[in-house]
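*Asks:* Would you mind keeping the following structure in view while I ask a few things?
The values are calculated or read from the model by the stated rules, or taken from the named source; none is laboratory data. Note that this is a predicted model, so its numbers are computed, not measured. Because the Cβ atoms are built from the backbone with ideal geometry, glycine has one as well, and the counts that use them run over all protein chains shown.
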Amino acid sequence: MGEEIRKRRLDLNLRQIDVAKMIGCDEMTVVNWEKGYASPRIHHMPRVVEFLGFNPLQKCDTLAQKIVSHRKALGLTQKEFARQLDVDPSTLARWERGEREPQGQFAESLLSRLRITTQNYRSRTAAVG
């Protein structure tokens with residue numbers, strides 16, 4: 001992700017301190033991201049996504065990975081996202097680990113948030129099962 005931040009910064013002809021101000025961190029944080037020494041913390045992710053113009057975590061194959069990517073792009077903890085979904089945090093954790101998959105109204109709500117059609121989801125799970 002650091003390389004993507006660096007590339008975008010250079011494309012926009014910005015200094016690291018400019019990017020830091022946009023994201024809400026200090027200059028050395030951006031330096032460390034770009035050098036691969038650190039990754040953005042969850043509370044920085046919404047502004048990183050905004051700066052990049054895309055979610056750098058979207059390269060996901062499984063529903064579990066997509067749930068994690070979506071939550072992190074919003075800058076939410078599991079507890080915060082579980083509250084929004086009206087599920088227990090341990091249930092969300094199981095979904096994110098791929099141990100279980102959402103069912104019923106929870107599946108509908110989550111798939112809508114992830115912009116996955118129910119038909120695509122059902123055909124994917126039918127192929128797996």
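*Asks:* Exactly one condition in (1) modelled with pLDDT of 95 or more; (2) β-branched (Val, Ile, Thr); (3) within 26 Å of Phe81 (Cβ to Cβ) is false for Val31; which is it?
*Replies:* Exception for Val31: condition (3).
*Asks:* Mind counting the residues in the stretch 61-82 that are closer than 15 Å to Glu101 by Cβ and outside any helix (DSSP H, G or I)?
*Replies:* Counting residues in the stretch 61-82 that are closer than 15 Å to Glu101 by Cβ and outside any helix (DSSP H, G or I) gives 2.
*Asks:* Also: Residues in the stretch 99-116: is at least one exposed (fewer than 13 other Cβ atoms within 10 Å of the Cβ) and under 28 Å from Gly53 (Cβ atoms)?
*Replies:* Within the stretch 99-116 (the criterion being exposed (fewer than 13 other Cβ atoms within 10 Å of the Cβ) and under 28 Å from Gly53 (Cβ atoms)), the answer is yes, since at least one residue qualifies.
*Asks:* Restricting to the stretch 5-19, name every residue that is under 15 Å from His44 (Cα atoms) and in contact with a Leu (Cβ under 8 Å, 6 or more places away or on another chain).
*Replies:* Of everything in the stretch 5-19, just one residue is under 15 Å from His44 (Cα atoms) and in contact with a Leu (Cβ under 8 Å, 6 or more places away or on another chain), namely Ile5.
*Asks:* Right, something else. I'd like the full set of residues that are under 12 Å from the mean Cα position of the chain (by Cα) and assigned to a loop (DSSP other than H, G, I, E, B), limited to the stretch 14-56.
*Replies:* Answer for the stretch 14-56, where residues must be under 12 Å from the mean Cα position of the chain (by Cα) and assigned to a loop (DSSP other than H, G, I, E, B): Pro40, Arg41, Phe54, Asn55, Pro56.
*Asks:* Say we look at the stretch 17-47 and pick out the residues that are of a type in the set (Lys, Arg) and free of Cβ contacts under 8 Å to residues at least 24 places away in the same chain; which of these is farthest from Arg71 (Cα to Cα)?
*Replies:* Lys21
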